[in-house]
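Please read the structure below before turning to the comments.
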Amino acid sequence: MRTAVWARCAARWPPGASVLEMNCGTGEDALWLARRGIQVLATDVSPRMLQVAQEKLAASSPVATVRFRRLAWEDLDALDAGPFHGALSDFGGLNCVNDLRRASQALASKLLPDAVAILCIMGPRVPWEWLWFLARGDGARAFRRLRPGGVQWSGVPIHYPSIAKIRSAFGQEFRVLRVSALGALLPPPYTERWLGRYPRVIAALNRLERRFETRWPLPMLADHYLMELQRV
């Protein structure tokens, strides 16, 4: 899945571009971008995540240049940096945000005109997840993403906005360029312990998903969907 995200980043941002990364986690994306010659300001709300990312960066060879900043989505409008050529939020960072309209406005204020934002968001309807947990007799987890108020994880409310909801929330500041599926035909990452024993099957599903990743209804039924937006 991460390789598929990187392919879209490479298609949107040339070497020399500046990118704001929200919810950078342990820095995998920031390091990859920096090695491609992209200037990265990587942010996360977790000090521990930032520490791991900085340690990973220090051990990288060749050494890449990334700036780190502790920052939550809710505080983005106060960031004293930018404007940037692009923005990345990978693997569900926006699922932890309550006010998507405010997030859109804050993100737009940090980007140059025509800048591209790549947002990787956990979707609400995932047949793979339904089948996986129902087969284990766990109906609550199978349909957790459909709960109106979302779910609690480590004290944080997690929401699963639809593609239509993201379009609406970001529609005033951005136009949609592309929407693709991550984990519609591919099984979700938490199945790897079991399904990882069949690498040829996984590889075949990955090739098929990459070929049809933008075709309806795959983005609507994926573990994550990847939305590429252009600042207007």
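Check 160, 190, 225 and return the single one that is part of a loop (DSSP other than H, G, I, E, B) and among the aromatic types (Phe, Trp, Tyr). So that I can check it myself, show each step before the final result.
Working: 190 fails: part of a loop (DSSP other than H, G, I, E, B); 225 fails: part of a loop (DSSP other than H, G, I, E, B).
Just one listed residue meets the conditions, 160.
Could you tell me which residue of the range 1-31 is modelled with the highest pLDDT, considering only residues that are of a type in the set (A, V, I, L, M, F, W, C), under 11 Å from the mean Cα position of the chain (by Cα) and in a loop (DSSP other than H, G, I, E, B)?
Among those that are of a type in the set (A, V, I, L, M, F, W, C), under 11 Å from the mean Cα position of the chain (by Cα) and in a loop (DSSP other than H, G, I, E, B), it is 24.
For the range 87-129, enumerate the residues that are surrounded by fewer than 21 Cβ atoms within 10 Å (Cβ to Cβ), among the polar types (S, T, N, Q) and not in a helix (DSSP H, G or I).
Matches in the range 87-129: 98 only.
For residue 215, work out the one condition from (1) surrounded by fewer than 17 Cβ atoms within 10 Å (Cβ to Cβ); (2) of a type outside the set (Val, Ile, Thr); (3) part of a helix (DSSP H, G or I) it doesn't fulfil.
Evaluating residue 215 over (1) surrounded by fewer than 17 Cβ atoms within 10 Å (Cβ to Cβ); (2) of a type outside the set (Val, Ile, Thr); (3) part of a helix (DSSP H, G or I) leaves (3) as the failure.
Of the residues 180, 168, which single one is surrounded by 14 or more Cβ atoms within 10 Å (Cβ to Cβ), out of contact with any strand residue (DSSP E or B) (no Cβ under 8 Å at 6 or more places or on another chain) and closer than 17 Å to residue 228 by Cβ?
On the way: 180 fails: out of contact with any strand residue (DSSP E or B) (no Cβ under 8 Å at 6 or more places or on another chain).
Being surrounded by 14 or more Cβ atoms within 10 Å (Cβ to Cβ), out of contact with any strand residue (DSSP E or B) (no Cβ under 8 Å at 6 or more places or on another chain) and closer than 17 Å to residue 228 by Cβ holds for just one of 180, 168, which is 168.
Inside the range 91-124, can you point out the residues that are out of contact with any helix residue (DSSP H, G or I) (no Cβ under 6 Å at 6 or more places or on another chain) and either of a type in the set (S, T, N, Q) or farther than 22 Å from residue 13 by Cα (or both)?
95, 96, 98, 99, 102, 105, 109, 123
The values are calculated or read from the model by the stated rules, or taken from the named source; none is laboratory data. Note that the structure is a prediction, hence the values are computed from the model and not measured. For neighbour counting, all protein chains shown are included, and Cβ atoms are generated from backbone atoms with ideal geometry for every residue, glycine included.
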